Amino acid sequence: MKNKKSTQSLFGLKGFGRYGLKTEKSELSFFSVQPTNISVLSNENIDTKIRRLMTLLSMIPELEIICLDSCECFDGNKINIRNRIDCEKNPAVIKLLEQDMEFLDDIQLEMSTARQFMFCVRTKDKKESQIFQQINRASKIISEHGFDVRRINKEDIPSRVCAYIAAAMRGICFRFMRRSTRKSCSAMRKEDS
């Protein structure tokens, strides 16, 4: 009989703690960070932002940065279209496929600002009161360094974890799709010969 593990245990998650997500080795507390549009900042202001982030990371060594892509990802579609273009012999169909590719690129570009940024504070071997103090200290230091943050509550954590896992799964699916599409394209070429 196989030993079946839950998805939760496969990811090393125990459940929710008072201040965030409990793993087998630590508790994770998350802060949502309001991103800054650096395209409108001067070089001097960009340098200042970078220095503040570097200082922040050195002041809070247990702080981690997480970037989630909350927009739709069309990489799988684009891979499929590229492979179809490689296999296609009809110039009219190739032109239509190239237009589809351009359309997907335009949509992806428009949606590329839909990123979510988070800071994560990882606490290990601490009592609840110590975790609370560490989270409050981190929140204060982050704010003092010019970052607009809010602590993510228990209700919002599952949707963020799902976005992270979905992004990881899309990457796995794309690698599989690339391999399987190449194989089918090779088979089509052999049939045409």
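Bear in mind these aren't lab numbers, they're just calculated from the coordinates by the rules spelled out. No experiment lies behind these values; they were computed from the predicted model shown. All Cβ positions, even for glycine, are placed from backbone atoms using ideal geometry, and neighbour counts span all protein chains on display.
Points to keep in mind about this one:
- J(HN,Hα) series, segment 15-30, from Karplus relation 6.51 cos²θ - 1.76 cosθ + 1.60, nearest Hz, glycine and proline x: x, 9, x, 5, 10, x, 9, 8, 10, 5, 10, 7, 10, 10, 10, 10
- Spacing of the modelled spin labels on I141 and I50, each 7 Å from Cα toward Cβ, amounts to 2.2 nm.
- P(r) tail for segment 1-40: Cα pairs beyond 11 Å make up 72% of the total.
- Distance between modelled label sites at N80 and S58, nm, 7 Å Cα→Cβ extension: 4.9 nm
- Cα-only Debye scattering, segment 116-166: base-10 log of I(q)/I(0) at q = 0.14, 0.32 Å⁻¹: -0.44, -1.21
- Multiplying the residue separation of F117 and D148 by 0.36 nm and subtracting their alpha-carbon distance yields 10.1 nm.
- The H on the amide N of V33, modeled in the peptide plane, is under 5 Å from the matching H of F117, M118, F119, each at least 5 residues off or on a different chain.
- Simple spin-label estimate for C162 and K89 in nanometres, 7 Å along Cα-Cβ: 4.7 nm
- When each of K25/K49; K5/K127; K14/K126; K49/K124; K49/K140 is checked by Cα-Cα distance, pairs over 25 Å: K25/K49; K5/K127; K49/K124
- The orientation-averaged shadow of the Cα convex hull for segment 1-160, equal to a quarter of the hull surface, comes to 15.4 nm².
- Extension gain, S42-E98: 0.36 nm per intervening residue step, less the Cα-Cα distance, totals 16.4 nm.
- Cα gyration tensor shape of segment 1-91, rounded if a/c is under 1.5, else prolate or oblate by comparing a/b with b/c: oblate
- Length gained when the stretch D105-D125 is fully extended (0.36 nm per residue, less Cα-Cα span): 2.5 nm
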